[in-house]
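One structure is given here, and the rest of the page talks about it.
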Amino acid sequence: MERLGSEAALAGMETSMKEELCMEIDPPFKENLATADDWRKALNKVVPAVVVLRTTACRAFDTESAGASYATGFVVDKRRGIILTNRHVVKPGPVVAEAMFVNREEIPVYPVYRDPVHDFGFFRYDPSAIQFLSYEEIPLAPEAACVGLEIRVVGNDSGEKVSILAGTLARLDRDAPHYKKDGYNDFNTFYMQAASGTKGGSSGSPVIDWQGRAVALNAGSKTSSASAFFLPLERVVRALRFLQKGRDSVTSTWEAVTIPRGTLQATFLHKGFDEIRRLGLRSETEQLVRHASPPGETGMLVVDSVVPDGPAHKHLEPGDVLIRLNGEVTTQFLKMENLLDDSVNDKVELQIERGGKPLSVELTVQDLHSVTPDYFLEVSGAVIHPLSYQQARNFRFQCGLVYVAEPGYMLFRAGVPRHAIIKKFAGEDISRLEDFISVLSKLSRGARVPLEYISYTDRHRRKSVLVTVDRHEWYAPPQIYTRNDSSGLWNVKQVLPLDSPLLSPGVNPIEQDPASNSISSCAAEAGGGDLSADGVLSPDCSLHEPREERLEDPGTESETVLRDYQGGAAVATNASVAERVIEPTLVMLEVHVPSSCMLDGVHSQHFFGTGVIIYHSQTMGLVAVDKNTVAVSVSDVMLSFAAYPIEIPGEVVFLHPVHNFALVAYDPSALGAGASVVRAAELLPEPALRRGDSVCLVGLSRSLQATSRKSVVTNPSAALNIGSADCPRYRATNMEVIELDTDFGSTFSGVLTDELGRVQAIWGSFSTQLKYSCSSSEDHQFVRGIPIYTISQTLEKIISGAKGPTLLINGVKRPMPLVRILEVELYPTLLSKARSFGLSDSWIQALVKRDPIRRQVLRVKGCLAGSKAENLLEQGDMVLAINKEPVTCFRDIEDACQALNQCDDDGKLTLTIFRQGREIDLLVGTDVRDGNGTTRVINWCGCIVQDPHSAVRALGFLPEEGHGVYVARWCHGSPVHRYGLYALQWIVEVNGKPTPDLDAFVTVTKEIEHGEFVRVRTIHLNGKPRVLTLKQDLHYWPSWELRFDPETAMWRRRTIKALV
């Protein structure tokens, strides 16, 4: 475990003086008589009892994030099998852990207790599982700690298996270290300090004396110095006795043991008498306290903070000085905590002084465990639970409020941050988690409801956002996890009733406008394509529920609003003709990608961009947009129209495998009255733009305001050269783009039109990665013009019903086009350079005659691995002609591929190439790709696997052993995180069985049971093979599959294997 955190450097003269005084008045130095031989004997006894803990926090919870880490623990009860370590190692939430002893015996350990406040906790293990090691438990001796005591810290420091660091206890009354303002902090206790220089991984190490006794527990350190902080063991000893007593009362298995802990929900600090006098302490009170306290007492307890609505709220205030507790003078944390822990649910009397005035208050001691959550709700990847005492103290909110420990996908999409407190959901007040679950159970898939929350960083203002319930099955249904201290696991159960709309496989119906067409008109428009058996089916309509039709009078209020909106838009600005024509066709797209399925190397979860409507009828609308906005089909798309103030969902229906554009479909009936205002742009694929042509660049700002400017084409055929990213993702290849003299910057996208508003190109965004060194890179984007001809060809095929796989769009099955491509990455070379390579004059003249402007020849940069051109074409080959016709640009090759679709050929091209001084004729096969993108993903042990996408194959390498199981991502807190099975590699074998494709992978992994160790053979993108082992955990990480169903146009989730 990396160290819990670092404490800010102490500053100020007053604090420094206090520290110096503490050094002088601490208990006197005890002479250390230990010899080197004594230490050797002590360490020989201690080291075998110290274990390396490998812990995995499976979910974010309370103060901790999901993750995997190393830490240290040590055996404090050998017979019962109890290991002591830190609370931030045991974790407040779900944890899976193993302990490794010094002889490399590894055993599973299970949490039995983590203190709600102090930084200690216990794991249990089966003592009989240790077969080869002789070891003894380490006795706890809190009374042995004293200033000047020579100590050794034995642990797993900085990832080392065993390290022994020396030090001397310098202070016993240090304030508890403050680690984070929004994370775990200890309080209401002293800490010890020594300059032992411990680092990450030593959390939970025993601090031992020369007799081999643990005098303290290592907890944290300061980054700016060698100081380390140790927790005193008095409260640890008390908790251990309760565990031992509870374990002795049963014989067979562990049972949950209740350790009484009381709280007033108030934080106290120990301040010196000099400072307390300044707070108003009367001299007679000081005299009384000094006489009643031990001789070395230097100060008293002062209230630092009080949690709202806690037992001490409105009774205690910051600055109050504690005099007596139940009639006894109390100046030490230990005495106060002993009394509170023994008085749970009873009343205690506190005598305090507030500004010199004596007061007496009677408070009820609250059960500390009652304000420490032991359950959470997991919904759409979010972790939500009651606000704990720890975080309530950090944020100054009351305990039990609905707290977002991890926003997941649904809440992240709405803009709800981590640490938010939910106050209202779907119009209902939320004060407890049960209220939130009740509202959630009434919602349907795809529903959009308001949510109000507050954040500790802006606590005085509520923020209101719109939450969209997942339409697709990106995540498992909502579940409740409840801690079970008997088993050490968190039990999982479904939280929603079976009749909840959220559990229905369909999506919620929405109101439909009567303008939607009948089945016959859909069939005519689809070119006689195959109709769905269910007839007209809106994507927002359940399969079994009738559509709700709403009749309106032509003169209704909505018509008036529509006329007003049209008129306002027309006179809003002195817009150009092109801007006025094109504005009703523009759409702003907001795209979110679920973190559970970030496929194809997509580099972000959130994208914005401008698209243009290229088709709009009563049954279907299509928007064209660049692939840096819509990168993958596994996404949620929301469309905002410039022509009418409405936001509706869209679905990705086509991703071009080469060109930088995607098509998104929407349901025109969802526009309501706006359907008559929104229209499709007129496309002008021919003639192609030339250098010097004047164009109008029109796009949308984030506020949906149309913006335009006149520009001039400087280069109509600039060849793109985008290098591969560190994590392979879509990059535009074999494309010529349009460059302008002026634009609106790298974040502005839109369209290029002529003066009449006819679209000649998409002004789209391209993604690239700037690499500053071998280990430093930065994502970057730029904009260029994408000629409209390919988009126009694709649209014609969709409308005319081209041959291809069918896809349900707005309830109608439509055949989607297939794209025939030569899977070779090419780049242009000037003919002057080609001549230097030996290209003949006759070919140079033929190529110049073919294209006198470009004067270039295409060369092979590489073939996509697994393509039909692989092993035929080589890097550096010059492509001179196809079927004896000279080719000079990418479009020539595309046209030749498309021509193959018109003839019943075997899909091969006759290429004339120039290789190393010789002309060669080759018969090269082409590949046919669809526009669906990746449609299947599997999550196994927390790694997300898929078929290798084209950006991976473009690297030119696929493992011979099998290349169908590519690791695209991994999840924090999962088995693959713990054991290091990371992304950018193929899984080629599992337990010695080949996994050439996803089906074989599913078959092999289904045979593996929960808790079994698995041997996995992988091959990295760089070709390096590796074998690793990992332990399958079906309790927290069941295997599941997400697959796109073209019959329903929905992503469906299926559990492959889980614990029943």
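The values are calculated or read from the model by the stated rules, or taken from the named source; none is laboratory data. Owing to the predicted nature of the structure, the values given are computational and were not obtained by experimental measurement. Quick reminder, even Gly has a Cβ in these numbers, built from the backbone with ideal geometry, and neighbours come from all protein chains shown. To get the accessible areas, we keep the full protein, side chains included, count just its heavy atoms, and leave off ligands, DNA and RNA. Shrake-Rupley method; radii C 1.70, N 1.55, O 1.52, S 1.80 Å.
Taking the Cα centre of the chain as origin, work out the dipole magnitude from +1 charges on Lys and Arg Cβ and -1 charges on Asp and Glu Cβ, in debye rounded to 20.
Working: 111 positive and 131 negative charges, 358 e Å.
Around 1720 debye, computed over the chain.
Work out, step by step, the length gained on full extension between residue 241 and residue 79: first 0.36 nm times the residue separation, then minus their alpha carbon distance; give nm to one decimal. List each step's numbers first, then the result.
On the way: separation 162, 0.36 × 162 = 58.32 nm, distance 1.36 nm.
Here the answer is 57.0 nm.
Ignoring any ligand, DNA or RNA, what whole percent of the accessible area of the chain comes from carbon and sulfur when the probe is 1.4 angstrom?
Values: 21590 of 43020 Å².
Reported share for carbon and sulfur atoms: 50 percent.
For a paramagnetic label modelled at 7 Å from the Cα of residue 282 toward its Cβ, which residues of region 334-356 fall within the zone defined by backbone nitrogen distances under 17 Å?
Output list for this probe position: 350-356.
Could you tell me the calculated FRET efficiency between residue 464 and residue 441, based on Cβ-Cβ distance and R0 = 25 angstrom, to the nearest 0.05?
The computed FRET efficiency comes out at 0.65.
If you take the C-alpha gyration tensor of region 314-382, multiply each eigenvalue by 5 and take the square root, what semi-axes do you get, largest first, in whole Å?
On the way: eigenvalues 201, 46, 23 Å².
In descending order, the three semi-axes are 32, 15, 11 Å.
Over all Cα pairs of region 588-674, how is the pair count split among 5 Å bins, expressed in % and running from 0 up to the last occupied bin?
Reading the bins upward from 0: 3, 15, 28, 26, 16, 8, 4, 1.
Please compute the Kirkwood hydrodynamic radius of the chain from all pairs of different C-alpha atoms, in Å with one decimal. Show your work: numbers first, answer last.
Working: mean 1/r = 0.0301 Å⁻¹.
Averaging 1/r across every pair of different Cα atoms and inverting gives 33.3 Å.
Does a label point 7 Å from the Cα of residue 742, set along Cα-to-beta-carbon, have any residues of region 701-723 with amide nitrogen under 20 Å, and which are they?
701, 706-716, by backbone N distance to the label point.
Points 7 angstrom from Cα along the Cβ direction at residue 780 and residue 1054: gap in nanometres?
Modelled inter-label distance: 4.5 nm.
Among the listed pairs 442/813; 91/1024; 41/161; 91/181; 813/908; 41/91, give every one whose C-alpha distance is greater than 25 Å.
From 442/813; 91/1024; 41/161; 91/181; 813/908; 41/91, over 25 Å: 442/813; 91/1024; 813/908; 41/91.
Could you work out how much longer the chain between residue 830 and residue 258 gets when fully extended? Use 0.36 nm per residue separation minus the Cα distance between them, nm to one decimal. Display every interim value, and only then the final one.
On the way: separation 572, 0.36 × 572 = 205.92 nm, distance 8.02 nm.
Length difference between fully extended and current span is 197.9 nm.
For region 963-1060, what does the equivalent ellipsoid look like in terms of its semi-axes, each the square root of 5 times an eigenvalue of the Cα gyration tensor, given largest first in whole Å? Could you put the intermediate results ahead of the total?
On the way: eigenvalues 95, 61, 35 Å².
In descending order the semi-axes read 22, 17, 13 Å.
Which value in nm describes the separation of the simple spin-label points at residue 718 and residue 1003, placed 7 Å from the Cα toward the beta carbon?
Placing both labels 7 Å along Cα→Cβ, they lie 5.1 nm apart.
Distance in nm between label sites at residue 646 and residue 396, each 7 Å beyond Cα in the beta-carbon direction?
Rounded to a tenth, the inter-label distance reads 4.7 nm.
Pulled fully out, how much extra length does the chain show between residue 35 and residue 367, if you take 0.36 nm times their separation in residues and subtract their Cα-Cα distance?
Working: separation 332, 0.36 × 332 = 119.52 nm, distance 4.70 nm.
So the extension gain works out to 114.8 nm.
Calculated FRET efficiency, residue 803 and residue 65, Cβ-Cβ r, R0 45 Å, to nearest 0.05? All intermediate terms of the calculation are to be shown ahead of the outcome.
On the way: r = 50 Å, r/R0 = 1.12.
Approximately 0.35, to the nearest 0.05.
Once a ≥ b ≥ c are taken as the square roots of the eigenvalues of the Cα gyration tensor of region 83-226, is the result rounded (a/c under 1.5), prolate (a/b larger than b/c) or oblate (a/b not larger than b/c)? Mind showing how you got there, number by number?
Numbers: a/c = 1.71, a/b = 1.25, b/c = 1.37.
Oblate is the answer for region 83-226, as a/c is 1.5 or above yet b/c matches or exceeds a/b.
Helix 13-25 versus the longest principal axis of the chain: what is the Cα-based angle in degrees, 0 to 90, to the nearest 10?
The helix 13-25 is inclined about 40 degrees to the chain.
May I ask you to order 82-89, 414-421 by the average number of other C-beta atoms within 10 Å around their residues, highest value first? Don't skip to the end; give the middle numbers.
Numbers: 82-89: 27.8, 414-421: 18.9.
Listed from highest to lowest mean packing, they are 82-89, 414-421.
How far is helix 283-292 tilted off the main Cα axis of the chain, in degrees rounded to 10, range 0 to 90?
With both axes taken from Cα atoms, the answer is about 80 degrees.
Rounded to the nearest 0.05, what FRET efficiency is calculated for residue 903 and residue 849 with R0 set to 30 Å and r the Cβ-Cβ distance?
On the way: r = 27 Å, r/R0 = 0.89.
That gives a FRET efficiency of 0.65.
Binning at 10 Å from 0, report for region 256-391 what percent of all alpha-carbon pair distances ends up in each bin.
11, 40, 28, 13, 6, 2, 0
Please get the size of the charge dipole for region 333-383, origin at its Cα centre, with Cβ charges of +1 on Lys and Arg and -1 on Asp and Glu, quoted in debye to the nearest 20. Provide the component values of the computation, followed by the final result.
Details: 4 positive and 10 negative charges, 69 e Å.
In debye, rounded to 20, region 333-383 gives about 340.
What accessible area, in Å² to the nearest ten, does a 1.4 Å probe give for residue 872?
Here the residue's solvent-accessible area equals roughly 60 Å².
Go through region 112-215 and name the chymotrypsin sites (Phe, Trp or Tyr not before Pro) that are in a DSSP coil and have 16 or fewer other Cβ atoms within 10 Å of their Cβ.
Working: sites: 113, 120, 122, 123, 125, 132, 135, 179, 184, 187, 190, 191, 210; in loops: 120, 125, 132, 135, 179, 184, 187, 210.
Those that pass, being in a loop and sparsely packed, are 132.
Given the peptides 604-611, 762-769, arrange them by the average over their residues of other C-beta atoms within 10 Å, most packed first. Can you show the working numbers first?
Working: 604-611: 19.9, 762-769: 23.8.
Those peptides, ordered most packed to least, come out 762-769, 604-611.
Take the Cα of residue 691, step 7 Å along the line toward its Cβ, and report every residue of region 884-913 whose backbone nitrogen sits under 19 Å from that point.
So the set is 888-891.
Return one whole number: the accessible area per residue of the chain in Å², for a 1.4 Å probe. Write down the numbers at each step before the final one.
On the way: 43020 Å² over 1060 residues.
Roughly 41 Å² per residue, with all protein chains present.
Taking the alpha-carbon distance from residue 861 and a cut-off under 17 Å, which lysines remain once sequence neighbours fewer than 8 residues away in the same chain are dropped?
Output for residue 861: 833.
Enter the angle in degrees (range 0 to 90, nearest 10) between the Cα long axis of helix 36-46 and the first principal axis of the Cα atoms of the chain, meaning the one along which they spread out most.
Between the helix axis and the principal axis of the chain, the angle is about 60 degrees.
List the trypsin sites (Lys or Arg not before Pro) within region 337-400 that fall in a DSSP loop (any state other than H, G, I, E or B) and whose Cβ has at most 15 other Cβ atoms within 10 Å. Provide the component values of the computation, followed by the final result.
Working: sites: 347, 354, 393, 396; in loops: 396.
Those that pass, being in a loop and sparsely packed, are 396.
Among 596, 208, 746, flag the residue with its Cα farthest along the positive direction of the charge dipole of the chain, charges on Cβ as +1 for Lys/Arg and -1 for Asp/Glu.
Among 596, 208, 746, the one farthest towards the positive end of the dipole of the chain is 208.
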